[in-house]
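Engineer: This is the structure I want to talk about, given as structure tokens.
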Amino acid sequence: MSWKDHRLTRNQMAWRAAQDVHDGAYVNLGIGMPVLCSAYVPEGRHVNYQSENGILGFGGPPPEGEEDFDLINASKGAITLAPGASIFHSADSFAMIRGAHLDIAMLGAFQVAPNGDLANWSTGEGGVPAVGGAMDLSAGAEAVRVLTTHVTKDDAPKLVAACALPLTGLQVVDRVYTDLAVVDVAEGRFHLRELVPGVSRDEIQALTGAPLAMDDVKPLEAPSL
Amino acid sequence: MSWKDHRLTRNQMAWRAAQDVHDGAYVNLGIGMPVLCSAYVPEGRHVNYQSENGILGFGGPPPEGEEDFDLINASKGAITLAPGASIFHSADSFAMIRGAHLDIAMLGAFQVAPNGDLANWSTGEGGVPAVGGAMDLSAGAEAVRVLTTHVTKDDAPKLVAACALPLTGLQVVDRVYTDLAVVDVAEGRFHLRELVPGVSRDEIQALTGAPLAMDDVKPLEAPSL
Amino acid sequence: MKKPVMTPTDAVADIPDGATVMISGFGGSGAPVETVHALIDQGARHLTIVNNNAGTGQIGLAALIREGRVDKVICSYPRTSDSRVFTEAYMSGRVELELVPQGTLSERMRAAGAGIPAFFTPTSVGTPLAEGKQQQEINGRMCVLENALHADFALVKADVADEYGNLTYRLTARNFGPSMMTAAKVTIAQVREVAPVGAIDPAHVVTPGVYTKRIALVEDAAQEEVLVRQGARYP
Amino acid sequence: MKKPVMTPTDAVADIPDGATVMISGFGGSGAPVETVHALIDQGARHLTIVNNNAGTGQIGLAALIREGRVDKVICSYPRTSDSRVFTEAYMSGRVELELVPQGTLSERMRAAGAGIPAFFTPTSVGTPLAEGKQQQEINGRMCVLENALHADFALVKADVADEYGNLTYRLTARNFGPSMMTAAKVTIAQVREVAPVGAIDPAHVVTPGVYTKRIALVEDAAQEEVLVRQGARYP
């Protein structure tokens with residue numbers, strides 16, 4: 001068995017990230033994997049999901065065939081209205097984001113550095129850059145949490161010593177949820193908090209581009225999703 | 001008979017100012033005499049009155065006893081909703097004002113100068129200054145028209161060679177409606193356009209603090225109001 | 001998340017001496033008079049008040065000033081038909097005045113809530129109110145730089161809240177409320193009714209619940225303008 | 001004032017070559033696809049387009065780009081699941097891209113409509129998107145100065161207009177529409193229905209009629225996302 005056999009699915013990563021959202025939190029879900037979190041609010045908690053396109057209060061996708069594409073998340077996927085939702089225009093949505101009214105922003109990443117730097121909008125020359133709301137979310141949210149595969153398709157680390165790709169935000173990332181681990185970013189270091197069973201500490205360090213502090217590591221477990 | 005016996009009433013001044021508002025115009029009515037204009041939309045015209053506190057589309061006061069003081073104009077007087085009205089908050093109201101979306105602002109004045117300078121917020125030392133939305137309206141409206149008595153309570157001219165009082169806006173006034181005359185402000189001069197019957201050209205010039213061009217002067221007439 | 005529904009007394013209990021407090025209203029329209037009276041009863045002093053005006057008659061903000069609780073007023077129009085309380089306090093030097101053009105006042109609060117630390121506006125250029133401010137020509141027009149205006153507390157009169165704190169406002173009583181709700185650290189929405197979650201159409205919400213920290217329920221709230229015309233006095 | 005109700009064809013007839021045109025929508029939600037198709041038929045070229053994205057599939061904005069009508073796109077997120085048309089045009093150098101953070105994009109349009117020529121924001125500081133822009137530290141935080149973004153025309157999908165041009169929007173199709181309606185000289189609201197004056201509660205109006213210059217009535221408008229998923233192509 002390789003470490004690849006132990007990877008979480010995208011839905012499992014979203015589930016894991018959703019478990020850390022506290023009751024009553026206001027949480028922006030960014031384009032890509034983060035939008036999956038809206039389906040996994042922990043039992044007994046009320047979480048207010050916000051999407052940059054102008055909605056506060058939504059749940060997961062509706063049953064197939066009942067999609068209304070005038071009611072979508074940041075990934076343009078159909079969602080459902082949560083009770084007590086509100087809808088507003090884009091400038092008001094980013095006023096809410098930039099004005100630091102949201103507790104958490106969940107974002108995707110190309111690279112994250114131990115100082116909290118985030119790169120998620122440009123792969124450099126030769127591609128089409130796409131920033132969306134990531135820079136505003138990085139600037140405005142109280143906490144920035146990242147959902148990303150631990151490595152690229154070519155098995156290169158996405159948690160790196162320093163971001164080589166153009167930055168989205170400086171010193172903004174607090175925690176990273178990958179398909180192999182939960183990693184805190186604090187005091188200029190990566191701290192391995194959870195690791196999927198079956199992957200060793202040496203393996204996860206080898207897949208990570210900067211030292212991982214491993215003082216207190218728990219198993220990373222998620223239901224089948 | 002003195003010139004004082006020929007003065008228009010406040011309602012007549014408002015009526016006269018309202019006659020110049022073109023069909024379809026969007027018009028802010030400022031605190032003081034301007035708010036009276038909302039009662040005098042000329043027959044056959046549709047005028048959209050705006051008030052800085054956050055409404056577009058209103059008419060004159062309701063019958064006595066039916067006032068709702070949550071529905072007011074800039075002078076805090078009760079108004080009525082016009083069909084097709086919209087209500088918005090103060091920041092959106094001033095976005096509309098400052099963003100040059102209104103055709104006309106009707107304002108009060110302490111002093112107006114031939115270059116279009118307006119002073120209407122401070123009587124200098126010894127009084128309480130009050131600017132309200134006048135500076136935003138001066139900066140943002142396509143045309144600024146002033147309603148004011150021709151002279152102060154002490155018979156000093158309010159149309160002056162240069163404003164001695166602190167300015168509200170620079171080179172903004174297009175036309176002045178007084179209780180004696182209609183005066184255009186153009187090319188650095190006052191142009192007398194209308195004069196109440198019974199007051200001579202010499203008299204009106206004596207009551208004005210700067211030369212009045214008098215090339216084409218019509219009688220200023222208004223119904224009893 | 002359900003927001004705490006309190007009395008005005010409880011809602012203002014922790015406002016400390018020296019706080020900056022925004023109070024909604026354009027004249028009496030949108031003035032949360034019961035919550036302001038609770039603040040008078042509470043006793044906090046050396047307050048900086050942000051309001052469009054500076055109080056009328058002998059109730060609400062005027063009474064707060066008369067009782068000597070206010071060191072400074074930030075407003076656009078302190079001169080009204082019955083603003084004797086402020087006039088006396090200001091002329092005697094007991095209250096400081098920061099006069100701000102009304103559109104700049106509302107935009108500064110909107111900017112505070114929107115994470116915009118400063119903006120340029122042509123409003124007030126060439127007047128005494130622009131003096132001492134950074135100026136810059138943009139697209140050929142001189143502008144002044146205005147800073148975001150934050151507060152510690154906001155006392156805002158809305159109409160209906162749902163349990164999550166989504167708010168609607170009544171007619172032109174809306175005025176400064178929505179921007180103040182975004183600009184203060186602790187926001188208190190005084191409402192006539194607390195409706196169940198789902199009672200407000202998501203498209204009709206004016207203030208999303210994220211901005212509402214406390215709800216002060218006053219079912220039979222007075223209209224300040226009506227009280228003033230009746231000659232009311234508080235306390 | 002009653003606003004002219006037109007076909008999309010008539011509404012876009014006078015858009016000249018070289019115009020800057022805002023097009024509403026977040027992906028297909030709020031995209032006025034029939035009016036964009038009318039612009040394709042009309043033939044204007046060398047356009048600068050402001051949109052959150054840069055077109056998907058082979059319809060709407062993607063088709064406008066494919067037909068060679070667009071010189072420049074100002075947007076935040078041109079990379080979508082099927083943005084091949086833009087990608088090819090951009091990589092081959094046929095279309096210029098001005099990439100703007102989404103919140104800065106919407107705030108720049110809001111500023112244009114609000115008479116705010118420029119504002120400071122912390123967004124993008126320290127990144128390549130801040131390069132070449134005026135920067136200033138405000139309250140201890142470095143910010144970049146962003147300019148208002150104006151346009152000659154705006155094509156905006158609303159839901160219902162009344163005869164005076166007051167608009168409502170459907171669910172999250174609201175997105176960029178309201179700010180674009182304030183930021184362009186000539187605004188075209190594509191709507192599903194034109195209702196009589198008085199049909200919209202004054203408190204529920206999202207875009208006041210003053211901002212609406214033309215109404216393009218398309219009763220059976222398509223949802224762009226649905227068309228894209230069906231593999232539709234225009235013309």
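Bear in mind these aren't lab numbers, they're just calculated from the coordinates by the rules spelled out. The structure presented is a predicted model; accordingly, all values stated were derived computationally and were not measured. Using ideal geometry, Cβ is built from the backbone for each residue, glycine included, and neighbour counts are taken over all protein chains shown.
Engineer: Assuming residue B:161 fulfils every condition listed in (1) buried (at least 20 other Cβ atoms within 10 Å of the Cβ); (2) away from every other protein chain (no Cβ under 14 Å) apart from one, which condition is it?
Structural biologist: That leaves (1) as the condition not met.
Engineer: Ok, one more. For the stretch D:64-92, how many residues meet the condition of being closer than 24 Å to residue D:149 by Cα and either within 15 Å of the chain's Cα centre (by Cα) or away from chain A (no Cβ under 13 Å) (or both)?
Structural biologist: 13
Engineer: So, of the residues in the stretch D:93-107 that are closer than 19 Å to residue D:149 by Cβ and part of a loop (DSSP other than H, G, I, E, B), which turns out to be farthest from the other protein chains (Cβ to nearest Cβ)? Steps first, please.
Structural biologist: Here is the first cut: in the stretch D:93-107, the residues closer than 19 Å to residue D:149 by Cβ are D:95-107.
Pick out the ones that are also part of a loop (DSSP other than H, G, I, E, B) and you get D:95, D:100-101.
Working: D:95: 11, D:100: 8, D:101: 4 Å.
Looking at the filtered set, the residue picked out is D:95.
Engineer: Being buried (at least 20 other Cβ atoms within 10 Å of the Cβ), among the charged types (D, E, K, R) and touching a residue at least 60 places away in the same chain (Cβ under 8 Å) is the filter here; which residues of the stretch D:18-75 pass it?
Structural biologist: D:34 - this is the single residue of the stretch D:18-75 that is buried (at least 20 other Cβ atoms within 10 Å of the Cβ), among the charged types (D, E, K, R) and touching a residue at least 60 places away in the same chain (Cβ under 8 Å).
Engineer: OK, next. Determine which single condition residue A:128 fails, assuming it passes every other condition in (1) more than 17 Å from the chain's Cα centre (by Cα); (2) within 8 Å of chain D (Cβ to nearest Cβ); (3) within 23 Å of residue A:177 (Cα to Cα); (4) of a type outside the set (Ser, Thr, Tyr).
Structural biologist: Just one mismatch for residue A:128, condition (3).
Engineer: Let me ask something additional. Given the structure, is residue B:105 more than 7 Å from every other protein chain (Cβ to nearest Cβ), over 30 Å from residue C:113 (Cβ atoms) and either aromatic (Phe, Trp, Tyr) or assigned to a strand (DSSP E or B) (or both)? Full working, then the answer.
Structural biologist: Values: more than 7 Å from every other protein chain (Cβ to nearest Cβ): yes; over 30 Å from residue C:113 (Cβ atoms): no; either aromatic (Phe, Trp, Tyr) or assigned to a strand (DSSP E or B) (or both): yes.
Taking the combined requirement at face value, the residue does not satisfy it.
Engineer: Name the residue that is surrounded by the fewest Cβ atoms within 10 Å (Cβ to Cβ), counting only residues in the stretch A:110-145 that are of a type in the set (Val, Ile, Thr) and in contact with a helix residue (DSSP H, G or I) (Cβ under 9 Å, 6 or more places away or on another chain).
Structural biologist: First, the residues of the stretch A:110-145 that are of a type in the set (Val, Ile, Thr): A:112, A:123, A:128, A:131, A:144.
If we keep only those that are in contact with a helix residue (DSSP H, G or I) (Cβ under 9 Å, 6 or more places away or on another chain) as well, we get A:128, A:131, A:144.
Values: A:128: 18, A:131: 28, A:144: 29.
Here the answer is A:128.
Engineer: Still on this structure: Filtering the stretch A:22-46 down to residues that are of a type outside the set (Ser, Thr, Tyr), outside any helix (DSSP H, G or I) and within 27 Å of residue D:81 (Cβ to Cβ), which residue is nearest to the other protein chains (Cβ to nearest Cβ)? Before you say what the answer is, go through the steps one by one.
Structural biologist: From the stretch A:22-46, those of a type outside the set (Ser, Thr, Tyr) are A:22-25, A:27-37, A:39, A:41-46; that's our starting set.
The next check asks that each one be outside any helix (DSSP H, G or I); those that pass are A:22-25, A:27-32, A:41-46.
If we keep only those that are within 27 Å of residue D:81 (Cβ to Cβ) as well, we get A:27-32, A:41.
Working: A:27: 11, A:28: 11, A:29: 13, A:30: 11, A:31: 7, A:32: 11, A:41: 12 Å.
Ranking the candidates gives A:31 first.
Engineer: Related question: Hand me the list of strands (runs of 3 or more DSSP E) wholly inside the stretch A:158-225 holding 1 or more residues that are aromatic (Phe, Trp, Tyr) and in contact with a Leu (Cβ under 9 Å, 6 or more places away or on another chain).
Structural biologist: Details: elements: A:173-177, A:181-186, A:189-195.
Hits in the stretch A:158-225: A:173-177, A:189-195.
Engineer: Filter the stretch B:131-148 down to residues that are in a loop (DSSP other than H, G, I, E, B) and touching a residue at least 60 places away in the same chain (Cβ under 8 Å) and give me whichever is farthest from the other protein chains (Cβ to nearest Cβ).
Structural biologist: Our first condition is that a residue be in a loop (DSSP other than H, G, I, E, B); within the stretch B:131-148, this holds for B:131-133, B:141-142, B:148.
Cutting the leftovers down to touching a residue at least 60 places away in the same chain (Cβ under 8 Å) gives us B:132-133, B:141, B:148.
Working: B:132: 4, B:133: 4, B:141: 10, B:148: 17 Å.
By that ranking, first place goes to B:148.
Residue by residue, here is whether (1) closer than 28 Å to residue D:177 by Cβ; (2) away from chain B (no Cβ under 14 Å); (3) of a type in the set (D, E, K, R); (4) part of a loop (DSSP other than H, G, I, E, B) holds:
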{"site": "D:109", "(1), (2), (3), (4)": "yes, no, no, no"}
{"site": "D:112", "(1), (2), (3), (4)": "yes, no, no, no"}
{"site": "D:116", "(1), (2), (3), (4)": "yes, no, no, yes"}
{"site": "D:119", "(1), (2), (3), (4)": "yes, no, no, no"}
{"site": "D:137", "(1), (2), (3), (4)": "no, yes, yes, no"}
{"site": "D:143", "(1), (2), (3), (4)": "yes, yes, no, no"}
{"site": "D:146", "(1), (2), (3), (4)": "yes, yes, yes, no"}
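Engineer: Would you mind listing the strands (runs of 3 or more DSSP E) fully within the stretch C:149-211 where at least 1 residues are buried (at least 22 other Cβ atoms within 10 Å of the Cβ), in contact (Cβ under 8 Å) with a residue 12 or more places away in the chain and of a type outside the set (Val, Ile, Thr)? Let's see the steps before the verdict.
Structural biologist: On the way: elements: C:151-157, C:160-162, C:184-191, C:193-195.
In the stretch C:149-211, C:151-157, C:160-162, C:184-191 are the strands (runs of 3 or more DSSP E) which contain 1 or more residues that are buried (at least 22 other Cβ atoms within 10 Å of the Cβ), in contact (Cβ under 8 Å) with a residue 12 or more places away in the chain and of a type outside the set (Val, Ile, Thr).
Engineer: Identify, please: which residue in the stretch B:78-100 is more than 7 Å from every other protein chain (Cβ to nearest Cβ) and either within 19 Å of residue D:167 (Cα to Cα) or out of contact with any helix residue (DSSP H, G or I) (no Cβ under 7 Å at 6 or more places or on another chain) (or both) and is, among those, surrounded by the most Cβ atoms within 10 Å (Cβ to Cβ)?
Structural biologist: Applying the first criterion (more than 7 Å from every other protein chain (Cβ to nearest Cβ)) to the stretch B:78-100 yields B:78-80, B:82, B:92-93.
Add one more test, that the residue is either within 19 Å of residue D:167 (Cα to Cα) or out of contact with any helix residue (DSSP H, G or I) (no Cβ under 7 Å at 6 or more places or on another chain) (or both), and what stays is B:78, B:80, B:82, B:92-93.
On the way: B:78: 18, B:80: 17, B:82: 22, B:92: 23, B:93: 28.
Restricting to residues being more than 7 Å from every other protein chain (Cβ to nearest Cβ) and either within 19 Å of residue D:167 (Cα to Cα) or out of contact with any helix residue (DSSP H, G or I) (no Cβ under 7 Å at 6 or more places or on another chain) (or both), the top hit is B:93.
Engineer: Separate question: So, in the stretch A:164-207, how many residues would count as being in contact (Cβ under 8 Å) with a residue 24 or more places away in the chain and on the phi > 0 side of the Ramachandran plot?
Structural biologist: We begin by selecting, within the stretch A:164-207, every residue in contact (Cβ under 8 Å) with a residue 24 or more places away in the chain; these are A:164-183, A:185, A:188-199, A:203-204, A:207.
From the residues that got through so far, the ones that are on the phi > 0 side of the Ramachandran plot too are A:171, A:188, A:198.
Here the count works out to 3.
Engineer: Would you be able to say whether some residue in the stretch B:186-195 is surrounded by fewer than 24 Cβ atoms within 10 Å (Cβ to Cβ) and either within 14 Å of chain C (Cβ to nearest Cβ) or of a type in the set (Gly, Ala, Ser) (or both)?
Structural biologist: Yes, that holds for at least one residue.
Engineer: Which of the residues belonging to the stretch A:153-163 are more than 12 Å from residue A:112 (Cβ to Cβ) and either touching a residue at least 12 places away in the same chain (Cβ under 8 Å) or aliphatic (A, V, I, L, M) (or both)? Talk me through it step by step, then tell me what you get.
Structural biologist: At the first step, the residues of the stretch A:153-163 found to be more than 12 Å from residue A:112 (Cβ to Cβ) are A:153-156.
Correct list: A:155, A:156.
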